[in-house]
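To keep things clear, I will list the structure first and then write my remarks on it.
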Protein chains: 2
Amino acid sequence: MSGWVAVAGLGPGDERLVTEEVRAALAEATDVVGYIPYVARVTPREGLTLHPSDNRVEIDRANHALDMADKGRRVVVVSSGDPGVFAMASALFEALEARAAPNLVDIRILPGITAMLAAAARLGAPLGHDFCVINLSDNLKPWELIEHRLRLAAQAGFAMAFYNPRSSSRPHQFARALDILRLECGNERLISFARAVTTPEERLLTVSLGEATPEMADMRTVVIVGNADTRRVGRFVYTPRSAR
Amino acid sequence: MSGWVAVAGLGPGDERLVTEEVRAALAEATDVVGYIPYVARVTPREGLTLHPSDNRVEIDRANHALDMADKGRRVVVVSSGDPGVFAMASALFEALEARAAPNLVDIRILPGITAMLAAAARLGAPLGHDFCVINLSDNLKPWELIEHRLRLAAQAGFAMAFYNPRSSSRPHQFARALDILRLECGNERLISFARAVTTPEERLLTVSLGEATPEMADMRTVVIVGNADTRRVGRFVYTPRSAR
């Protein structure tokens, strides 16, 4: 009786973007844990127990998964997108590290299509040159650090992908981020808002930084800011491979 | 007779990481174009013409795909990993933009598991906090710009993923990159070399920057440098979600 934990990425929403590797893990699992809307994407079946939990209990969820695996259960922790990008993989290792007697049960991380890749694909190729990826939520880091990173990323000439750009509990911060970007990158720089990509609620919008407003983003939106060379071709936005 | 082009990511190598969306496009295609080793991953069948081409002819390949689609062919341009990350998607839009009469045939970009996500998953979760992604090849940008980006990325506290870290034509440059990283991040910072992930040739190695040597990377290696908080837990490497 040998338990395991797989932390699996379900991709951005479209079921055709779930990998076979993840499907196989779900087919072998006895238990699935995760945030309510992600667990809801798993088809129930005999012998599979679903354990949906609320947001912001990542460490509890990770410990629950590790406890069950210690008892011989086969546990899939589901994330949307990729589990290694602002999702459950780091939380699992944090929980494992904090345990008095860390049992290195069989742990696997199963990659998925993270939101920025799906968003970039729907938009064209805005991440076709060097880029950076920033979680704009200040739940787990000081806001000042986010501002510092925005400035340096602009000065480095990176395109940028932002996760969790805006929530109702901190509506002013994304407005502040846009102000910093306008100062550093100028009003003409392109910014794309990709909401709920690959789902029926998908909405894509590309404007200049001068035209951008905070209301264009919500927590289901990935925001992509181009570099100085990013431009439109037809309905697409792309960043050339070369830079001067 | 309506042609189309799909630029598709085949993922890092393991066939279980190819999405159903990409499989469906390949099943409908009349033609597949791409770099020789990527086209070799497509199963031949009646009615499908394979057009393998050499490296560094990306724009020719993109024009070939667009020409065939204009004539009503259904063309898949294959990339490894994700087509939008240092791969064929940007080249396609560059070719489209340069055409005298750009015909916006039906163009779709189909995302895939890019190498850094697969590498991060195999290593643990080294990209669990803000990070940047840099192509270390100076084929399409000046080396000085790469050095500038390395310094600012370190000063921003980003974890870093490097594509194309080293080639035989420029062996000294990756040594120079390691020197810059040691200066900016210190000798204790963790660096991981993930070669040919998810293939039979996979090789994973994590050392400190002080221990790192240029020979640890080749062109099939993705290199991931942690941030100041990146650490080991058991055989894994992970970056905590929080920062001070």
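Coordinate-derived values only; no laboratory data. Fair warning: this is a prediction, and the values are worked out from it, not measured in the lab. Because the Cβ atoms are built from the backbone with ideal geometry, glycine has one as well, and the counts that use them run over all protein chains shown.
What the table shows:
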read-out: Distance in nm between pseudo-label sites at A:Q155 and A:D229 (7 Å out along the Cβ direction from Cα); value: 2.2 nm
read-out: Fewest-first sequence of A:R99, A:R244 by Cβ atoms within 10 Å of each Cβ; value: A:R244, A:R99
read-out: Prolate/oblate/rounded call for the protein assembly as shown, Cα gyration tensor, a/c under 1.5 rounded; value: rounded
read-out: Per-residue average of Cβ from other chains inside 10 Å of A:11-18; value: 4
read-out: Test item: A:159-166 mean partner chain Cβ contacts at 10 Å; value: 1
read-out: Relative contact order [Cα under 8 Å, 6+ residues apart], chain B, whole percent; value: 20 percent
read-out: Inter-copy separations for A:H172, label at 7 Å along Cα-Cβ, nm, ascending; value: 5.3
read-out: Signed unit charges on C-beta, dipole axis of the protein assembly as shown, positive-most listed residue A:H64, A:G157, B:W4; value: A:G157
read-out: Ascending list, in nanometres, of distances separating the A:E147 label from those of the other copies (7 Å, Cα toward Cβ); value: 3.2
read-out: Proximal charge balance of B:E202 [Cβ under 12 Å; K/R count +1, D/E count -1]; value: +2
read-out: Equivalent-ellipsoid semi-axes of region A:116-238, from the Cα gyration tensor, Å, largest first; value: 20, 17, 13
read-out: Positive dipole terminus of region A:4-113, leading residue within A:A27, A:I109, A:V77 (C-beta point charges); value: A:A27
read-out: Separation in nanometres of the label points that stand 7 Å from Cα toward Cβ, at B:N187 and B:A175; value: 1.9 nm
read-out: Cα shape, chain A, gyration tensor, a/c 1.5 rule; value: prolate
read-out: Radius of gyration and maximum dimension Dmax of region A:124-190, Cα, Å; value: 11.9, 33
read-out: Nearest-20 debye value, chain B charge dipole, Cβ charges on Lys, Arg, Asp, Glu; value: 580 debye
read-out: FRET efficiency, 1/(1 + (r/R0)^6) with R0 51 Å, evaluated for A:R45 and B:D138 via beta carbons; value: 0.45
read-out: Net dipole in debye of region B:4-113 [+1 Lys, Arg Cβ; -1 Asp, Glu Cβ; about Cα centre; nearest 20]; value: 140 debye
read-out: Cβ-based exposure ranking for A:F236, B:F158, in which fewest neighbours within 10 Å come first; value: A:F236, B:F158
read-out: Prolate/oblate/rounded call for region A:29-90, Cα gyration tensor, a/c under 1.5 rounded; value: oblate
read-out: Closest Cβ on chain A to the rotation axis that carries it onto B (distance rounded to whole Å); value: A:C132, 2
read-out: Backbone N under 12 Å from the A:H148 label point (7 Å along Cα→Cβ), restricted to region A:179-197; value: none
read-out: Inter-copy spacing of B:T30 label points, which lie 7 Å from Cα along Cα→Cβ, given in nm from shortest upward; value: 5.4
read-out: Dipole magnitude of the protein assembly as shown, debye to nearest 20 (Cβ charges: Lys/Arg +1, Asp/Glu -1, about Cα centre); value: 280 debye
read-out: Burial ranking of peptide ranges B:130-136, A:43-49 (average Cβ count within 10 Å, highest at the top); value: B:130-136, A:43-49
read-out: Peptide-level mean, for A:94-101, of C-beta atoms on other protein chains within 10 Å; value: 3
read-out: Residue-count net charge about A:I191 - beta-carbon cut-off 12 Å; Lys, Arg +1, Asp, Glu -1; value: 0
read-out: Pair A:A101, B:R16: separation of 7 Å Cα→Cβ label points (nm); value: 3.1 nm
